[in-house]
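**Q** Below are the structure tokens for one structure; questions will follow.
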Amino acid sequence: MNPQKTVLGLHLPTDPRWVNIAEKQLEDILVDHAYCEQKATSSCISLIVQFPDKTELVEMLTPIVAEEWGHFERVMEELKKRGFGLGKPRKDEYVMQLNGILKKGGSRNEQLIEKLLMNALIEARSCERFKLLWKNLDDQELQSFYYELMISEAGHYVNFISLARSYSSEEYVASRWQYFLDSEAQIMRELTPRGDRMH
């Protein structure tokens, strides 16, 4: 699998206005990014706690927990360098709407697949956003930072998809993944681009 090609397979690209708005609201985007890294860490921990019997999942996600928390620490460093504080968390409309597309009920294993694909989708969109920041920001230090994180998020995306395939059939995962991609594209069409949000 080519992770970059797959990540760019998102059905709807980010509105090009987003990165221009984000560059003018750098403090807001960094603060929101910091909270996104916190949530990514918490999400992996939650999966480990909910599915401790899934050995492959525990082994694959444990280092990702450390990596995501490391990303949070590094975003905090970027905030500090620029004289910014963490500030308060913001409502994440994107993730709230994604939660609405999750299949309700079903077996424990089906719920695991839903959670893994949800995480894969968020990582894919984050990777796409980081690529935009890498290519368009004037701040060279942040350009390098977001290039590194883009590569990391692509790897995490592959991890989540791989785990989903290991716990279900290829056909089922492919069907659900297409549903997630279609639904996410519709959510993206309806969301107003906001430069103070990472998603």
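**Q** Residue by residue through region 55-68, note down the ones that are in contact (Cβ under 8 Å) with a residue 12 or more places away in the chain, surrounded by fewer than 17 Cβ atoms within 10 Å (Cβ to Cβ) and of a type outside the set (D, E, K, R).
**A** T62
**Q** Which condition does D138 not pass, out of (1) in contact (Cβ under 8 Å) with a residue 60 or more places away in the chain; (2) within 17 Å of H33 (Cβ to Cβ); (3) surrounded by fewer than 20 Cβ atoms within 10 Å (Cβ to Cβ), if it passes all the others?
**A** Only one criterion in (1) in contact (Cβ under 8 Å) with a residue 60 or more places away in the chain; (2) within 17 Å of H33 (Cβ to Cβ); (3) surrounded by fewer than 20 Cβ atoms within 10 Å (Cβ to Cβ) is unmet by D138, namely (2).
**Q** When you go through S152, S168 one by one, which is the residue that is in contact (Cβ under 8 Å) with a residue 24 or more places away in the chain and assigned to a helix (DSSP H, G or I)? Quick ask: steps written out before the conclusion?
**A** Numbers: S168 fails: assigned to a helix (DSSP H, G or I).
Only one candidate passes the filter, namely S152.
**Q** Quick check on region 69-93: of everything there that is crowded, with 16+ Cβ neighbours inside 10 Å and without any contact (Cβ under 8 Å) to a residue 40 or more places away in the chain, which residue is nearest to T192 (Cα to Cα)?
**A** Selected residue: F72.
Residue-by-condition table, conditions (1) basic (K, R); (2) closer than 23 Å to D28 by Cβ; (3) part of a helix (DSSP H, G or I):
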position: M96; (1), (2), (3): no, yes, yes
position: L117; (1), (2), (3): no, no, yes
position: E123; (1), (2), (3): no, yes, yes
position: E141; (1), (2), (3): no, yes, yes
position: Y146; (1), (2), (3): no, yes, yes
position: H156; (1), (2), (3): no, no, yes
position: G195; (1), (2), (3): no, yes, no
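**Q** Among the listed residues F72, F84, which satisfies the condition of being over 17 Å from the mean Cα position of the chain (by Cα) and of a type outside the set (G, A, S)?
**A** On the way: F72 fails: over 17 Å from the mean Cα position of the chain (by Cα).
Matching residue, one of F72, F84: F84.
No lab work stands behind these numbers, since they all come straight from the coordinates. No experiment lies behind these values; they were computed from the predicted model shown. Glycine gets a Cβ as well: all are built from the backbone with ideal geometry, and neighbour counts include every protein chain shown.
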